[in-house]
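**Q** Please read through the structure below; I'll follow up with questions.
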Amino acid sequence: MHRLWAGAGAQLTERLRALPRSLVHDLWTTAVDPPPRPDRPSLHDWLPAFLLPLVVCTVPLAVFSINTLVAQYGMDNRSAVLLGVLQSVAFIAALYRPVPAWWAVTTVMIVVALTARPQDGDGSIPWTVSGTVAQAGVLLVMALRLRPRVGVEALVLCVLAGLVCNPADFVRPTVDTRVAVAVLVAAVVVGVALRGRQVARTELVVQEERTEQERSRRTLLEERNRIARELHDVVAHHMSVISIQAQVAPHLVEHPSDELKENLAGIRENAVDALTELRRVLGVLRSEDTLSAEARHSPQPTLDRLPELLDNVRGAGLRATTELTGTPRPLPPGVDLSAFRIVQESLSNAIRHAPGTAVHVKIAYRPGCLAVRITNTAPEDPAPPPRAIGHGLLGMRERTAMLGGDFANGATPEGGYEVVAILPLEEPALSLEEPV
């Protein structure tokens, strides 16, 4: 028990030592706490609309204060006008700078208590009617616009200052003193309650927005998981079957030729590569982040892998050649990846729709862009119609548009097909009319 009392005493002593510093920090500043909802209109935003009515209402308060100070408190006209106007102006200034306004009304109260001479008990020192109204209004605004602690500190200091100015009220407070203190306390309590209600409503709205965002994020993640699951069920199964069949096929043929083994090995290698890339894409879809950890650290294909890509399509029976013009230089990652994907998709389209044709891939490094052109000759036999409409050309067009480039595709005069993409680097891209 002794240790408990000692610890409580130490905490109380520490708080008493920190009290002057807290008072200076809270009551010697012109700053105002930001509104709970900075993205919505606050009290400060509506102040210009209420400023004129407040000024109109403050003028009678100033006149009444001046008359009271002259008639009931025996002050000269000049001092009464100065104090009455200062008290009324502070009531309006509290809307913008509540702490300096509180200092103003508190100073007026102390000056009135020290200099006024009530006529035969007609007035109560130090709280006049107009002074109490002004102080209550300032304390109400302080409680609305500042932390509750600041309003309570200002209330306590205000009451203590008033009681010090009239020591008799410490022993036997008058009815006027009790009423004035009750009005000031009520103003602070109402202001703190209204501010607490506003803060609670703001936190509720913020929590609802976070809940909605979390719900949307979970819905998106569920949809991405569903897409990943369908891709895995449809594509991965067939690619696995192709890989297994390509591995088993040489054992089903008696004395298979080297060309057959090589082609089947190429089929299996392409199937395995496709499965690897499919797993990476599925990992991106299933991850909550934009990219999973594995996808972030796995390198994306670039034009450096173009020879490997051409070797794969040559193994599939496509006669592919390449041509490089200009001076090769490092490319932005987006341009490098998009150029590789465009070439890859164009070669895949040539294998599907124009098997046995000759394909020419041309990469041109220009001053402000990278030009990619893939052409194939006319097929000897018409390709079978596709089972479904693909999205290869649409994907290439979207990749190019994302980089701000130009894209064109269509038949050549010789009966073949070509794809042209101009991907800008830093300067504006070339026009498609310029030959690649």
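**Q** So, R0 is 22 Å and r is the distance between the beta-carbons of ARG329 and ARG280; what FRET efficiency does that work out to, to 0.05?
**A** The formula returns an efficiency of 0.20 here.
**Q** Follow-up question, since we're still on this one. Where Rh denotes the Kirkwood radius from the mean inverse Cα pair distance, what is Rg over Rh for region 84-163?
**A** On the Cα set of region 84-163, Rg over Rh gives 0.99.
**Q** Here is a follow-up. Taking 0.36 nm per residue of sequence separation and subtracting the Cα-Cα distance, how much length would be gained by fully extending the chain between ASN67 and VAL185, in nm to one decimal?
**A** Gain on stretching ASN67 to VAL185: 39.8 nm.
**Q** What value does region 129-198 have for Rg/Rh, both radii from Cα atoms and Rh as Kirkwood defines it?
**A** Reported Rg/Rh, Kirkwood definition of Rh: 1.01.
Just so you know, all these numbers are worked out from the coordinates, no wet-lab data involved. Source: prediction; values computed, not measured. Ideal geometry is used to build each Cβ from the backbone, glycine not excepted, and the neighbour counts take in all protein chains shown.
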